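Below is one structure, written out as structure tokens, with a few remarks after it.
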Protein chains: 2
Amino acid sequence: MKKYNFNAGPSMLPREVIENTAKQCLDFNGSGLSLMEISHRAKDFQPVLDEAVALIKELLHIPEGYSVIFLGGGASLEFCMIPYNFLINKAAYLNTGTWAKKAMKEAKLFGEVVEVASSADANYSFIPKGWTCPSDVDYLHITTNNTIYGTEIRKELDVNVPMIADMSSDIFSRPVDVSKYDCIYAGAQKNLAMAGVTLVIIKDEKMGKAPRQIPTMLDYRTHVEKGSMFNTPPVVPIYSALETLRWIKGNGGLEEMEKRANERADALYAEIDRNKLFHGTVAEEDRSVMNICFVMNDEYAELEKPFFEYATSKGMVGIKGHRSVGGFRASCYNAQTMEGVNALIKCMQEFEAQH
Amino acid sequence: MKKYNFNAGPSMLPREVIENTAKQCLDFNGSGLSLMEISHRAKDFQPVLDEAVALIKELLHIPEGYSVIFLGGGASLEFCMIPYNFLINKAAYLNTGTWAKKAMKEAKLFGEVVEVASSADANYSFIPKGWTCPSDVDYLHITTNNTIYGTEIRKELDVNVPMIADMSSDIFSRPVDVSKYDCIYAGAQKNLAMAGVTLVIIKDEKMGKAPRQIPTMLDYRTHVEKGSMFNTPPVVPIYSALETLRWIKGNGGLEEMEKRANERADALYAEIDRNKLFHGTVAEEDRSVMNICFVMNDEYAELEKPFFEYATSKGMVGIKGHRSVGGFRASCYNAQTMEGVNALIKCMQEFEAQH
């Protein structure tokens, strides 16, 4: 039976990314060695890194004056690296969910933190609006997509301070005006690669201003100066990122990724809104096109487990909602197909017909 | 032509580790999903982590009261995490090379650091001896194998303070008395796995004593409490570690790994000592069995490049010495075979006969 992967992360990757990476693991570029055992200093690896960086700059139209690096440790490590490197006096954070809150917690170790707004009281079911950001902050930190709650900021915010964004779960799903950001970071395991590498895009002139000694590995300058090769980078995860970036470019770039994301999300949200068993959990204008959260209507609450089992029996994988929201979450990252979405919609319709 | 991989790291892995990992990348446990796209919360991944941890405990005979975790970021990140977590007042460091020095540099950001001894003046060609360690330090940090210089501490040191060891390049190559250490850490990309994961073994009672606030991701307690699942772990690198650990156990464990390492090293050092073209760079009693460094004798200095080209033409990969030492370095980690070592010895003998 065909499986449809709706995992929230690590998550579905294009099949050709998987197959090409597995192939290189057996024999890298016909060298007779595995990608798993080549030196990162081997002459064949530098082109991997260079092409990946070039494709990121091309796809995101990154302006001059920014560096692109790959790090290990996950986006969670960036939560402390951001204030370590960029918090001089005061930083603003928009609290849109678990990950935003975790990022904010780390910043408090380094300076004054202003929470400009929060939707915590509504279980993060919407993106706060109508707030203002103090003009004297070093940066405003946002989480563009909230994987757990299924909300998303899909248009650049109009603020008068530089932004820093955790784009872990929606990067490469739409064009972004990078010039509005001092830093963008993203754990790879949604739209970019297997887990084990983190992408960071940094405005060069903003590095080295923070009034503190930074441990070498936590200082972005270390990695920028050495082109992500200060220490051994995660070779295989970076290679899988390159394959994904090639796939994105070959499939029409970020405009096409956005179009496909909207098509998938429109179809699934339309079914959620139509189907008498389910409803969405998020304010309509803030619905994520990456993580689509829905729950049973109250009168059908006892059908939650049976629907999960029915969908699972039809090949749906990873649709259980996060415990903070309950119900269901269908993650539809770049590699997700309309075929997958339609298979889920069919489950929902068949299950509705049975009840 | 068959290639023999002498890379210093990332480095040779057993072929079955490579093939099994590549196979799981195509279809994980027959699930229809790739290892690259499964959730770390999937029920099939927890057993991977559990088995890997259990094998590490078994192979190293780790006593009660220690935790085993996997982290991202590389051993270089541990250089600052060690003092962040364990340096209360004063720490001692044994300076045996580039990596030891880098570890020491980070510690100086957190407290008083005593360099108990150094062989820097001799280009780190031996392990300092006859030094004493102050009894009032929180720990003594050592680097058991010095990848760049080819020296190794292969017996537990006899000191009266707890030790912390960077075992990145010789872990699992011999039995270790873990009880002598408060912490052992190792980047995976030599004897354990593809690059992208770091192994840390920690004495539980030593955590949480340092008088400072530690960013969440840099606090070992975070990862111990969550069983390496505080954030998304590097799934595929961890899987490749599991495969290697199974291979080590299936091949006789650490006693057998040590025996094989000694056999390989004895054969290669014997040839280096015998061959009129070459000599070793390291004091005999401190020779590493993992990284075997040798250079041309002065009168044959002009043959360095020709020998490199000759060996390369015969399938040797990665034998160029680090720029800090020059000449050649044959890294012979666990996966290296006598066949590989004999192929290199044959090159050395053939080249000697030609000149």
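Computed values, structure above
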{"quantity": "Bridge type composition, the range B:15-250 - antiparallel percent by DSSP, nearest 5", "calculated": "45 percent"}
{"quantity": "Most positive-pole-ward Cα, B:Met316, B:Ala165, B:Val236, against dipole of the protein assembly as shown from beta carbon charges", "calculated": "B:Met316"}
{"quantity": "Rounded if a/c under 1.5, otherwise prolate or oblate - the protein assembly as shown, Cα gyration tensor axes", "calculated": "prolate"}
{"quantity": "Reciprocal of mean inverse Cα separation for the range A:1-152 (Kirkwood radius, Å)", "calculated": "18.9 Å"}
{"quantity": "Cα centre as origin, Lys/Arg/Asp/Glu Cβ charges: the range A:15-250 dipole, Debye", "calculated": "220 debye"}
{"quantity": "Gaussian network model of chain B, Cα within-10 Å springs - most flexible of B:Glu19, B:Glu106, B:Glu258", "calculated": "B:Glu19"}
{"quantity": "20 Å Cα-Cα reach of A:Lys259 towards aspartates and glutamates, excluding residues that sit fewer than 8 places from it in its own chain", "calculated": "A:Glu58, A:Glu152, A:Glu156, A:Asp170, A:Asp177, A:Glu271, A:Glu284, A:Glu285, A:Asp286, A:Glu339"}
{"quantity": "Overall dimensions of the range A:1-84 by Cα: Rg and Dmax, Å", "calculated": "16.4, 49"}
{"quantity": "Estimated dipole of the range B:39-171 in Debye, rounded to 20 [Cβ of Lys and Arg +1, of Asp and Glu -1, Cα centre]", "calculated": "280 debye"}
{"quantity": "Positive dipole terminus of the range B:1-79, leading residue within B:Phe6, B:Ser67, B:Phe79 (C-beta point charges)", "calculated": "B:Phe6"}
{"quantity": "Compactness relative to 2.2 N^0.38 Å, alpha carbon Rg of the range B:252-354", "calculated": "1.03"}
{"quantity": "Charge dipole of the range B:15-250 about the Cα centre (unit charges at C-beta), most positive-ward option of B:Thr143, B:Leu199, B:Ile184", "calculated": "B:Thr143"}
{"quantity": "The range A:15-250, relative contact order [Cα under 8 Å, separation at least 6], %", "calculated": "26 percent"}
{"quantity": "Shape call, the range A:297-355: gyration tensor on alpha carbons, a/c limit 1.5", "calculated": "oblate"}
{"quantity": "Relative contact order %, the range A:253-354, counting alpha carbon pairs below 8 Å whose residues are six or more apart", "calculated": "31 percent"}
{"quantity": "Magnitude of the charge dipole, the protein assembly as shown, Cβ model with Lys/Arg +1 and Asp/Glu -1, debye to 20", "calculated": "100 debye"}
{"quantity": "Cut-off under 5 Å, modelled amide H: who pairs with A:Val114 long-range", "calculated": "A:Ala91, A:Ala92, A:Tyr93"}
{"quantity": "Max mean-square fluctuation residue, GNM over chain A, Cα-Cα springs under 10 Å, options A:Pro237, A:Pro175, A:Pro63", "calculated": "A:Pro63"}
{"quantity": "Cβ-derived FRET efficiency at R0 51 Å, A:Lys2 paired with B:Asn123, nearest 0.05", "calculated": "0.25"}
{"quantity": "The range A:15-250 pair-distance distribution - Cα-Cα, 5 Å bins, rounded %", "calculated": "1, 7, 14, 18, 19, 16, 11, 7, 4, 2, 1, 0"}
{"quantity": "Average beta-carbon neighbours from other chains, 10 Å sphere, peptide B:223-236", "calculated": "4"}
{"quantity": "Helical contribution to [θ] at 222 nm, DSSP H n ≥ 4, -39,500 (n - 2.57), averaged over chain A, rounded to 500", "calculated": "-10500 deg cm²/dmol"}
{"quantity": "Under 17 Å from A:Lys105, Cα to Cα: aspartates and glutamates that are on another chain or at least 8 residues apart", "calculated": "A:Glu78, A:Glu115, A:Asp138, A:Asp166, B:Asp219"}
{"quantity": "Entries in A:Lys23/A:Lys346; A:Lys23/A:Lys43; A:Lys102/A:Lys129; A:Lys209/B:Lys320; B:Lys155/B:Lys305; B:Lys90/B:Lys180 that, when Cα-Cα distance is taken, lie over 28 Å", "calculated": "A:Lys23/A:Lys346; A:Lys209/B:Lys320; B:Lys155/B:Lys305"}
{"quantity": "DSSP loop trypsin sites (Lys or Arg not before Pro) with at most 14 other Cβ within 10 Å: longest gap in chain A", "calculated": "A:44-107"}
{"quantity": "Highest-fluctuation residue, A:Tyr239, A:Tyr124, A:Tyr300 considered, GNM on chain A with Cα pairs under 10 Å", "calculated": "A:Tyr300"}
{"quantity": "Part-to-part distance (alpha-carbon centres) for the range B:117-186 and the range A:40-113, which is given in Å", "calculated": "34 Å"}
{"quantity": "Interchain or long-range residues, amide H under 5 Å from B:Ile292's placed H", "calculated": "B:Ala330, B:Ser331, B:Cys332"}
{"quantity": "Separation in nanometres of the label points that stand 7 Å from Cα toward Cβ, at A:His279 and B:Ala54", "calculated": "4.7 nm"}
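FYI, it's all coordinate maths here, none of it is from the lab. In this text the structure is predicted, and so the values were computed from the model without any measurement. Using ideal geometry, Cβ is built from the backbone for each residue, glycine included, and neighbour counts are taken over all protein chains shown.
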